[in-house]
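Encoded as structure tokens, the structure appears first; notes follow it.
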Amino acid sequence: MFSRKVSGLLYILNKLANERDKNNAQSVEEKQIEINHFTGDNAWFSDSSETEKQRYREKLTFPHPEDTNHKLFCPYHGKERHLQLRLHFSWPIQSGEPVYVVYIGPKLTRQ
């Protein structure tokens, strides 16, 4: 179950990244992905709350996968609700730029 959900989250992120227009404009398909998976009560992906961003900034900051001199603040995450796992990734998605998945594991902002 877990691997299927994580694979699904990665699939949607990849699809979203591939849909970003070369002019960084949002395509119709990209907009539909965001409506389907980034909005509503059962959204697969969301941003951390402002409180979480402030309180857990250090936990939501990860080493850059390709540049050891930089770190990435990644409050956006995919959710696996059954085990309370999270998949944190770089955001916003930019045309021609990779989406870095920097963490897959237990919810970091659990109090």
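Couple of notes before you dig in:
- Segment 16-59, subset more than 15 Å from Ser90 (Cα to Cα) and of a type in the set (Lys, Arg), residue farthest from the chain's Cα centre (by Cα): Lys22
- Just so you know, in segment 56-111 the residues that are assigned to a strand (DSSP E or B) and free of Cβ contacts under 8 Å to residues at least 24 places away in the same chain include one that is nearest to Gln26 (Cα to Cα), and it is Phe73.
- The condition of being surrounded by fewer than 19 Cβ atoms within 10 Å (Cβ to Cβ) and under 20 Å from Tyr11 (Cβ atoms) holds for only one of Gln94, Gln84, that being Gln94.
- Residues of segment 36-55 that are surrounded by fewer than 12 Cβ atoms within 10 Å (Cβ to Cβ) and in contact (Cβ under 8 Å) with a residue 60 or more places away in the chain: none at all.
- Selection count, segment 46-55, where residues are closer than 11 Å to Thr109 by Cα and part of a loop (DSSP other than H, G, I, E, B): 2
- Test set (1) surrounded by 13 or more Cβ atoms within 10 Å (Cβ to Cβ); (2) part of a loop (DSSP other than H, G, I, E, B) - Asp21 fails condition number: (1)
- Residue count for segment 1-19 satisfying the condition of being touching a Gly at 6+ places or on another chain (Cβ under 8 Å) and farther than 18 Å from Ser46 by Cβ: 0.
- Within segment 1-44, the set of residues being touching a His at 6+ places or on another chain (Cβ under 8 Å) and among the β-branched types (Val, Ile, Thr) comprises just one member, Ile12.
No value in this document is a laboratory result; all are computed from the given coordinates. Every value quoted in this text rests on a predicted model; they were computed, and no experiment measured them. Note that each Cβ is placed from the backbone with ideal geometry, even for glycine, and that neighbours are counted across all protein chains shown.
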